[in-house]
Amino acid sequence: MSTALVTGPTSGIGEGFARRLASDGYNLVLVARDEERLERLAGELRACGVDVEVIVADLGDRAQLAEVEVRLRDPERPVDVLINNAGFSINQSFVGGDVEAEQSLIDVMVTPVMRLCSAAAPGMAERGSGAIINVSSVASFLPFSTYSAAKAWVTFFSQGLATALADTGVRVLALCPGFVRTEFHERANIEIDRSNDTWWLDVDVVVQEAMDDLRRGKVISIPGRAYRALVAGSHLLPRDVLRRAERLRRSRITGRR
Ligand SMILES: NC(=O)c1ccc[n+]([C@@H]2O[C@H](COP(=O)([O-])OP(=O)(O)OC[C@H]3O[C@@H](n4cnc5c(N)ncnc54)[C@H](OP(=O)(O)O)[C@@H]3O)[C@@H](O)[C@H]2O)c1
């Protein structure tokens, strides 16, 4: 039986991947901070007949991250699929904001993605098979914030890694969703209307499109037709226009021009 390691499976997109992979017959390694939620999910998935390991780790902590790297490097217990999903947002302006909060975005959404790919890729390449899905964002195509810059790193890095692993049998996908109905906005204290079905996607749809795109050999997956059009449009617009649009959006929130 194959094994998949998922970071951030205690809610949202990561939980969707964990449930989907378990139903596809994968054994799982689940990594996040909330032990109670991890154990609850592990118990549920074990009842479906798959083996589940739990690693309680704050991926922003280098020592705890190292434990996950060690697990990924273990040749006796190979990991066939890596889902780098854990992440969060913050609700503040960069200028005058708490720099440690900005740093934590990079510590959780950039460093672990790089280190866990570095730990997993050699074994996968040696075995001639495997898959890595790095959960990025449509924000990675838009020049907005530390969050969007961190996600831009994830999207670019994944493309480079896909090239580095071409012809090894290992596939790499950057998953770039727009708004998804998860705990993400609530956790960041971002109040936002979730009712518009054009822009708000359900987790199952996002996971299904990612799995389909991975199977098709795509390197970037943008779930939802509206978002594919948005990203295509953003490539056509000069960066300056995008920056002005963001200034306008912010000024509406802060009242400042
Ligand atoms: N929802 C959206 O609209 C949206 C859009 C684009 C991209 N994304 C991306 O999708 C990914 C998943 O987000 P989501 O929407 O599913 O949000 P979510 O429901 O809030 O889930 C986030 C997951 O990340 C884990 N996590 C957060 N910080 C962590 C840390 N320091 N160490 C280990 N695990 C940590 C959380 O687990 P614990 O709290 O148990 O540690 C949780 O399982 C993120 O990378 C996010 O940037 C989301």
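Here, each number is a calculation from the coordinates, and none is a lab measurement. Treat the numbers as computed from the prediction; the structure is a model and nothing was measured. Don't worry about glycine lacking a Cβ; one is built from the backbone with ideal geometry, like all the others, and counts go over all protein chains shown.
What is the Cα convex hull volume of region 50-169 when expressed per residue in Å³?
Hull volume over Cα atoms, normalised by residue count, gives 115 Å³.
In percent, what relative contact order does the chain have, based on Cα pairs under 8 Å that are 6 or more apart in sequence?
So the answer I get is 16 percent.
Please list, by residue number, every one of the GluC sites (Glu not before Pro) in region 10-84 that is coil in DSSP and has at most 16 other beta-carbon atoms within 10 Å.
GLU76
For region 101-143, state the semi-axes of the equivalent ellipsoid (square roots of 5 times the eigenvalues of the alpha-carbon gyration tensor), sorted largest first and rounded to whole angstrom.
26, 14, 6
When ranked by the protection proxy of mean other Cβ atoms within 10 Å per residue, highest first, what sequence do the peptides 215-224, 134-143 form?
Highest-to-lowest ranking by the protection proxy: 134-143, 215-224.
Suppose the chain between HIS185 and ASP61 were pulled fully straight at 0.36 nm per residue; how much longer would it get relative to their current alpha carbon spacing?
Full extension from HIS185 to ASP61 adds 42.3 nm.
Write down the Kirkwood hydrodynamic radius of the chain, to one decimal in angstroms, obtained as one divided by the mean of 1/r over all alpha carbon pairs.
The answer is 18.8 Å.
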